[in-house]
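One structure below.
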Amino acid sequence: MIKRKIMPMGKEIRGLRIFFTGVGGQGTLLATRLVGEAALEERVPVLMSEIHGMAQRGGVVESCVVMGRAVSPIIADGEADIVIAFEPLEAARALPKCNPKTVVITSIAPIRPFTVTIGQSVYPDQDSLYRIVEPHVADLIRVDADGLARSVSAERGSNVVMVGVLAGTGILPVSKTSFEQALRQILPERLLEPNRRALDAGYRFGAQFAGRKHLIAEHRD
Amino acid sequence: MHELLIPQTSRPQFLLGNEAIVRGALESGVGFVAAYPGTPSSEIIDRFAQLGDEAGIYVEYSVNEKVSVEVCGAAAICGVKSLCAMKHVGLNVAADAFMSLAYVGVKAGMVIVVADDPSLHSSQNEQDSRYYAKLSGVPMLEPSTPQEAYRMTLEAFRISEKFGTPCLLRTTTRINHCRGPVEIGSIPPAKGFSGEFKKDPFNLVLIPAVGRKLRLVLLERTQRLLEESEGSPLNFISGKGDLGVITSGVSYLHVLDALIGMGLEDRTRVLKLGFTYPQPKALIAQFLGGVKKALVVEEVEPFIEEAAKICAQESKLLVDIAGKGKGLIPQAFELDSVKVKNAIGKFFSIDYEQPKVHQAPELPQRPPNLCPGCPHRATYYSVKKVFGEEAVYPTDIGCYTLGVLPPLKMADFLICMGSGVSTAAGFSKVLDRPVVAFIGDSTFFHAGIPGLVNAVSNDHRILLVILDNGTTAMTGHQPHPGVELTPKGRIEPKVSLEKLVRGCGVSRVARINPLQVKKSQAVLQDFKDKMNEPGVSVIISKSPCPLFEARIVKKRKKIVFRTDESKSCADCKKCLTELGCPAFFVESSGGVEHVFIDESLCSGCSVCSQICDSISPKRI
């Protein structure tokens, strides 16, 4: 096998490409890393790629995780299996990454860009943002990530809620235990409990979609 | 214990490419590390700075890349393994040292990591640094994944030591900032960083006679390196079939995805090059001899493609070789698997339909911005008030380059680190307009000093504004020689900016706090009046980066600012059109527009309250 020389090997699974998009300061890179670490827990070959540059300065932050037989750390247009958007406007902006089989999971909490707050442009009506994406993808799951995080007293855990939802849908070949282990791997002890609750809350929310056909691996190939 | 110092593990570690390089260097027994930060290479020196004491190795943030290569070169001449890391344009700064160190060579392993940035995510150009290997005769390795970055760092040290030459490890953003599983080994017991120097001037002092001798040594060494490359396991052929692909670096991953996606795994042979200088000519020729056609897939310039074409010519092979040459592989910007699939489809006449892509309609942009409370914004505001649109504003590299964006629009010319002050001098000589240059504190230490000395000695009529926020902010708050705030408290700076500027011969020097708007503008006005006389003026605009301050001294804000809601902003909004802090937002109620301040974003800097009477502080 070619790849053995460049990556430690693990389970042979089909390729999965997950595109993450959000705004600087939302913790999107930690969420991305969590998905990567969880896959590694399962010995699934995985790569994660991130663009740092402007992370602290209010710009768009994009990252991705590819696993299994997918190894290119750049997701080309039309090639995302899953899009995790931490902000609805960014969900719409990620449309070019999607194809008819793509599952989009988006937070419904808007973060108004500076161009909007100073009145140079208008933040579109949220439903219109979802209408941009929904007709072109298999599913669009809206998540009140901030609300779910608050409901378990984990106000700063919206990013981990989103990962929980992804885990709950069952679309990844990664168990909940592995996500919990990944949390322990990444986070310092004092932050662990609220983030476990955030993961749980997201997981429960995501689990209600778990039966949907396009979320089951064998229907996706 | 630092996470990169842990003993060997059975579970692979999930490491950034940059961290994998650090681990590889530690396992190689590196004793001496120096670098100036630069995206995407910065995490290498940052991790070393975190663990240096614990690992018993010497780590320094050097003042620029040239200095880092020189200090590391000296360590390696004394038998201490060394590493420096820089972004691609950093190697331009270091090129003088690099080209001649290649002649003199090293006694212990020395690895120079050069991180290219295809697609210019955080850079001013898209140069392909691989040509530096060819230019200097220094061997070069190119990893594809974090696992390979780790392995190749070990190999780079081995090759460097075996051949007595520095070795380049060339990465790209998608290696440096890619995280992947890495199977680590163990770190040898620390040997410290004490070296030995044996005087040998006729091999170590590059006078012309020595240079002529070492030039021949270099050429002979390149021949031996070629043999090493020919037999290196870092170059390998996989797959079967008569379609050929030659690739390296992250492009290899795009190729794998493309071949799997197009079902061509069993029809294609892939030559993956990891030891990319000297290129293994015999291996390439052997590969070309076994395929009908060969597509060369690499980012940016046709570095391998040119070599492949030479190999074919030398071996009298008529195989069709394409890549950039036939316009199949784009020369600009990063590749991805779809771009590679398109090229494969066209070149090998295989049906491939690109995924149908839906473009999103026009959406509000989300450009990066100077942070709320950033002192650069305040400086720009005041300079613009005093010098206006007429002045020419050469600028430099750092967060403050974001001043190019509206509403500030305070950047007229920029090419590289340190160019602000020297180009200002050129502008001032040929234009009859005021010239005000900007440079950050770290950038001034890095490359601004010679330009300032030059301006003084040639009586250039310029004002240089040094934006002193007390740190190297853009790349993640690394220290520089003028740092005062440290995790251990406030220190006397090792090098005082003001003394340095005066030492360069500048007599008109002032220090302002840009957060005091009126006072700053008074000083600027005074300097503007004095600029009728020839000569250099310098204003040090000093106020710490608020993010850095919050992180280092745990400073918490005590006040925020708010607007008077009883007054209409409909006819003014100067706070937006002239200052443009991201904490502002506009809302209309009853058809009347009003500007508000988002308290969670407001840093409490007070600048807006000094330009608008309706803005007042509020304790929190």
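The values are calculated or read from the model by the stated rules, or taken from the named source; none is laboratory data. All values derive from a computational prediction rather than experimental measurement. Glycine gets a Cβ as well: all are built from the backbone with ideal geometry, and neighbour counts include every protein chain shown. Calculation scope for accessible area: heavy atoms of the full protein, side chains included, ligands and nucleic acids excluded. Shrake-Rupley method; radii C 1.70, N 1.55, O 1.52, S 1.80 Å.
For segment B:447-461, indicate whether the set of residues that are in a helix (DSSP H, G or I), in contact with a strand residue (DSSP E or B) (Cβ under 6 Å, 6 or more places away or on another chain), closer than 22 Å to B:Asp526 by Cβ and not polar (S, T, N, Q) is non-empty.
Among the residues of segment B:447-461, at least one is in a helix (DSSP H, G or I), in contact with a strand residue (DSSP E or B) (Cβ under 6 Å, 6 or more places away or on another chain), closer than 22 Å to B:Asp526 by Cβ and not polar (S, T, N, Q), which makes the answer yes.
Counting residues in segment B:306-321 that are assigned by TED's automatic domain parsing to the domain that holds B:Thr247 and within 23 Å of B:Thr173 (Cα to Cα) gives zero.
Residues that are of a type in the set (Gly, Ala, Ser) and farther than 22 Å from B:Tyr132 by Cα within segment B:222-279 comprise B:Gly231, B:Ser238, B:Gly239, B:Gly241, B:Gly244, B:Ala258, B:Gly261, B:Gly263, listed in sequence order. Of the residues making up segment A:11-46, those that are assigned to a helix (DSSP H, G or I) and either without any contact (Cβ under 8 Å) to a residue 60 or more places away in the chain or open to solvent by less than 10 Å² (accessible area, probe 1.4 Å) (or both) number 11.
Filter segment B:584-612 down to the residues that are touching a residue at least 12 places away in the same chain (Cβ under 8 Å) and surrounded by fewer than 12 Cβ atoms within 10 Å (Cβ to Cβ) and list them by number.
B:Val592
For segment A:60-67, indicate whether the set of residues that are charged (D, E, K, R), open to solvent by 40 Å² or more (accessible area, probe 1.4 Å) and either without any contact (Cβ under 8 Å) to a residue 24 or more places away in the chain or over 25 Å from B:Leu601 (Cα atoms) (or both) is non-empty. The answer is no, given that none of the residues of segment A:60-67 is charged (D, E, K, R), open to solvent by 40 Å² or more (accessible area, probe 1.4 Å) and either without any contact (Cβ under 8 Å) to a residue 24 or more places away in the chain or over 25 Å from B:Leu601 (Cα atoms) (or both). Scanning segment A:91-113 for residues that are touching a Leu at 6+ places or on another chain (Cβ under 9 Å), buried (at least 24 other Cβ atoms within 10 Å of the Cβ) and within 10 Å of chain B (Cβ to nearest Cβ) yields A:Ala91, A:Pro113. Condition first: open to solvent by less than 10 Å² (accessible area, probe 1.4 Å) and over 21 Å from B:Pro188 (Cβ atoms). Now tell me which residues in segment B:38-58 satisfy that. Within segment B:38-58, B:Gly38, B:Pro40, B:Ser41, B:Ser42, B:Ile45 meet the criteria.
To keep it simple, each residue is scored yes or no on (1) more than 7 Å from every other protein chain (Cβ to nearest Cβ); (2) modelled with pLDDT of 95 or more; (3) in contact with a Phe, Trp or Tyr (Cβ under 6 Å, 6 or more places away or on another chain).
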residue: A:Ile6; (1), (2), (3): no, no, no
residue: A:Glu12; (1), (2), (3): yes, no, no
residue: A:Ala31; (1), (2), (3): yes, yes, no
residue: A:Val35; (1), (2), (3): yes, yes, no
residue: A:Ala38; (1), (2), (3): yes, yes, yes
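Can you tell me which residues in segment B:189-248 are among the basic types (Lys, Arg), under 22 Å from B:Ser82 (Cα atoms) and not in a helix (DSSP H, G or I)? Of everything in segment B:189-248, those that are among the basic types (Lys, Arg), under 22 Å from B:Ser82 (Cα atoms) and not in a helix (DSSP H, G or I) turn out to be B:Lys191, B:Lys198, B:Lys199.
Residue-wise test of (1) touching a residue at least 60 places away in the same chain (Cβ under 8 Å); (2) in contact with a strand residue (DSSP E or B) (Cβ under 8 Å, 6 or more places away or on another chain); (3) within 14 Å of chain A (Cβ to nearest Cβ).
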| site | (1), (2), (3) |
| --- | --- |
| B:Ile284 | no, yes, no |
| B:Val296 | no, yes, no |
| B:Ala308 | yes, yes, no |
| B:Cys311 | no, no, no |
| B:Leu318 | no, no, no |
| B:Asp336 | yes, no, yes |
| B:Ile344 | yes, yes, yes |
| B:Gln354 | no, no, yes |
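Among the residues making up segment B:292-344, a single one is open to solvent by less than 20 Å² (accessible area, probe 1.4 Å), of a type in the set (Val, Ile, Thr), within 19 Å of B:Leu264 (Cβ to Cβ) and assigned to a loop (DSSP other than H, G, I, E, B): B:Ile329.
Any residue at all in segment B:569-583 that's of a type in the set (A, V, I, L, M), open to solvent by less than 60 Å² (accessible area, probe 1.4 Å), out of contact with any strand residue (DSSP E or B) (no Cβ under 9 Å at 6 or more places or on another chain) and in the same structural domain as B:Arg433 (by TED's automatic domain parsing)? No: zero hits.
Listed conditions (1) closer than 19 Å to A:Ser178 by Cβ; (2) part of a loop (DSSP other than H, G, I, E, B); (3) within 15 Å of the chain's Cα centre (by Cα) are all met by A:Ile84, apart from (2). Annotation: of all residues in segment A:68-81 being more than 7 Å from every other protein chain (Cβ to nearest Cβ) and open to solvent by less than 20 Å² (accessible area, probe 1.4 Å), the one that is nearest to the chain's Cα centre (by Cα) is A:Ala80. Could you check, for segment B:506-526, whether at least one of its residues is within 30 Å of B:His121 (Cα to Cα), among the hydroxyl-bearing types (Ser, Thr, Tyr) and open to solvent by less than 70 Å² (accessible area, probe 1.4 Å)? Taking every residue of segment B:506-526 in turn, none turns out to be within 30 Å of B:His121 (Cα to Cα), among the hydroxyl-bearing types (Ser, Thr, Tyr) and open to solvent by less than 70 Å² (accessible area, probe 1.4 Å).
Only one of the listed residues (B:Ile175, B:Ile184) is within 14 Å of chain A (Cβ to nearest Cβ) and over 21 Å from B:Ile112 (Cβ atoms). That residue is B:Ile184. The number of residues in segment A:141-181 that are of a type in the set (Ser, Thr, Tyr), open to solvent by 20 Å² or more (accessible area, probe 1.4 Å) and within 27 Å of A:Gly68 (Cβ to Cβ) comes to 2.
Yes/no per residue for (1) of a type outside the set (Gly, Ala, Ser); (2) closer than 30 Å to B:Ile611 by Cβ; (3) buried (at least 19 other Cβ atoms within 10 Å of the Cβ); (4) touching a helix residue (DSSP H, G or I) at 6+ places or on another chain (Cβ under 7 Å):
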site: B:Thr379; (1), (2), (3), (4): yes, yes, yes, no
site: B:Glu389; (1), (2), (3), (4): yes, yes, no, no
site: B:Met417; (1), (2), (3), (4): yes, no, yes, yes
site: B:Thr423; (1), (2), (3), (4): yes, no, yes, no
site: B:Phe438; (1), (2), (3), (4): yes, yes, yes, yes
site: B:Ala455; (1), (2), (3), (4): no, no, yes, yes
site: B:Asp459; (1), (2), (3), (4): yes, no, no, no
site: B:Ile462; (1), (2), (3), (4): yes, yes, yes, yes
site: B:Asp468; (1), (2), (3), (4): yes, yes, yes, yes
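Of all residues in segment B:601-620, those satisfying the criterion of being modelled with pLDDT of 90 or more, out of contact with any Cys (no Cβ under 7 Å at 6 or more places or on another chain) and not in a helix (DSSP H, G or I) are B:Leu601, B:Cys602, B:Ser603, B:Gly604, B:Cys605, B:Ser606, B:Asp613, B:Ser614, B:Ser616, B:Pro617, B:Lys618, B:Arg619. Restricting attention to segment A:192-221, the residues being of a type in the set (A, V, I, L, M) and at pLDDT 95 or above number 5.
Residues satisfying the criterion are present in segment B:273-280 (criterion: in the same structural domain as B:Asn342 (by TED's automatic domain parsing) and more than 18 Å from B:Thr171 (Cα to Cα)). Close Cβ contacts (under 8 Å, 6 or more residues apart or on different chains) running from residues in segment B:459-471 that are under 7 Å from B:Ile540 (Cα atoms) to residues that are of a type in the set (S, T, N, Q) comprise B:Val465/B:Thr379; B:Val465/B:Ser541; B:Ile466/B:Ser541; B:Leu467/B:Thr379; B:Leu467/B:Ser541; B:Asp468/B:Ser541; B:Asp468/B:Ser543.
Taking the conditions exactly as written (of a type in the set (Phe, Trp, Tyr) and either open to solvent by 60 Å² or more (accessible area, probe 1.4 Å) or touching a His at 6+ places or on another chain (Cβ under 9 Å) (or both)), does B:Phe202 satisfy them or not? Answer is yes for this residue.
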